[in-house]
Ligand code: UD1
């Protein structure tokens, strides 16, 4: 019997860990699984609502660390997580993605000589100014089991000298959740509720510090709304960081065609992604979800750690210069829509391969 401790911390972790948790529960003879939530994200709309919708129970351990600078947040998670590890004595700690909770808990585990597994290993943007890139590099360097979502991850880990026997190509656990919830999403009345018509609106999401911590970004956003709001509704569920910065820069936009909402629940957000004409984003996960859904996506970043979404999927990497974003969007709205395909092993079965890799190796 293996004692497994699964860690979640921030919004994008929940959809990746939920299917793995459920899969472990199918093997009570082989695994005892517990869930720890660091509390990096804590608002009802950033956290609780995901637990309710994804059907995962209240966490066994809640660390309640909240927001702070990188150093303070990481240190607080480590201090609290060490107590959990000492109490539970897990055989394996499993972390996901690239948020501060990922590296903080990973570091605690290896220092206590607990085996570490990383869900979504090997992704690289090659941009070390991104906090997530540092989290990815360091977590992979100390992990014993590296579960990889796409082939670039296999190449990156090989180039970094990670031994083959640690690497397991599982596919994408976040897509397991999407596949599972798609029928419900198609039935939901979200677009009616939010006042948009399926296939006719542009969906925006922005939260990355490199964009939303600059005044220039909000000038570009205003131009975007002025240009595209003439012919489209623009739906913008707004991350707390983005909302705070918009206020601080005095850059609020009042336009009847711009619909700004609080962060949406998982089901509502999947629905508005599924039925968007195009999604314009700086998120990592949204690039993957739109690729699976076959919905056009324009990514407002200079790089992506998920190149399969560009090579195989519907993603267009436009960069952060909005002239290029406008050019890409104009082209798309003129009918030049990129046809995508679904990457290998994004088939709804990734979590079973993670669990198999952990229990049967
Ligand atoms: C974090 C992740 C990022 C991920 C994003 C998804 C790191 C380094 N970054 O960024 O990779 O893409 O989550 O959302 O781990 N806040 C709230 N309520 C909350 C959480 C945050 O109001 O529940 C506000 C706080 O003012 C906080 C700010 O949002 O200071 C940023 O939160 P934080 O967790 O530091 O980073 P994110 O930008 O969310």
Whole-number D in µm²/s for the chain (Stokes-Einstein; Kirkwood sum over Cα pairs; 4 °C, 1.567 mPa s): 62 µm²/s
Placing each pseudo-label 7 Å from Cα in the direction of the beta carbon, residue 223 and residue 32 end up separated by a distance in nanometres of 6.0 nm
Between helix 173-187 and the chain, what is the angle of the helix's C-alpha long axis to the longest principal axis, kept within 0 to 90° and rounded to the nearest 10? 50 degrees
Scattering curve values for segment 87-171, log₁₀ I(q)/I(0), Debye with Cα scatterers, q = 0.13, 0.21, 0.25, 0.26 Å⁻¹: -0.36, -0.91, -1.24, -1.32
With label points built 7 Å along Cα→Cβ from the Cα atoms of residue 83 and residue 25, find their separation and express it in nm. 2.7 nm
Quick one: grab the alpha carbon gyration tensor of segment 181-333, order the square roots of its eigenvalues as a ≥ b ≥ c, and give me rounded if a/c is under 1.5, else prolate or oblate depending on whether a/b is larger than b/c. rounded
Full-extension gain between residue 241 and residue 113, please, as 0.36 nm times their residue separation minus the C-alpha to C-alpha distance. 42.5 nm
Among beta bridges that DSSP assigns inside segment 181-333, antiparallel share in %, nearest 5: 0 percent
Given the Cα-Cα distance of residue 311 and residue 134 and 0.36 nm per residue of separation, how much length would full extension add, in nm? 61.3 nm
Once R0 is set to 25 Å, what does the formula 1/(1 + (r/R0)^6) return for the Cβ-Cβ distance between residue 249 and residue 323, expressed as a FRET efficiency to the nearest 0.05? 0.75
When the expected Rg is taken as 2.2 N^0.38 Å, what fraction or multiple of it is the alpha-carbon Rg of segment 2-126? 0.98
Virtual spin-label span in nm between residue 52 and residue 71, 7 Å along Cα→Cβ: 3.9 nm
To the nearest 0.05, what FRET efficiency results for residue 142 and residue 330 with a Förster distance of 51 Å applied to their C-beta separation? 0.65
Pull out a ≥ b ≥ c, the square roots of the eigenvalues of the alpha-carbon gyration tensor of segment 125-214, then state rounded if a/c is under 1.5, prolate if not and a/b is larger than b/c, and oblate in the remaining case. oblate
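Every read-out reported here was derived from the displayed coordinates using simple, explicitly stated rules and does not represent laboratory data. It should be emphasised that the depicted structure is a prediction, and the values quoted were computed from it without experimental measurement. All Cβ positions, glycine included, derive from the backbone under ideal geometry; neighbour counts span all protein chains shown.
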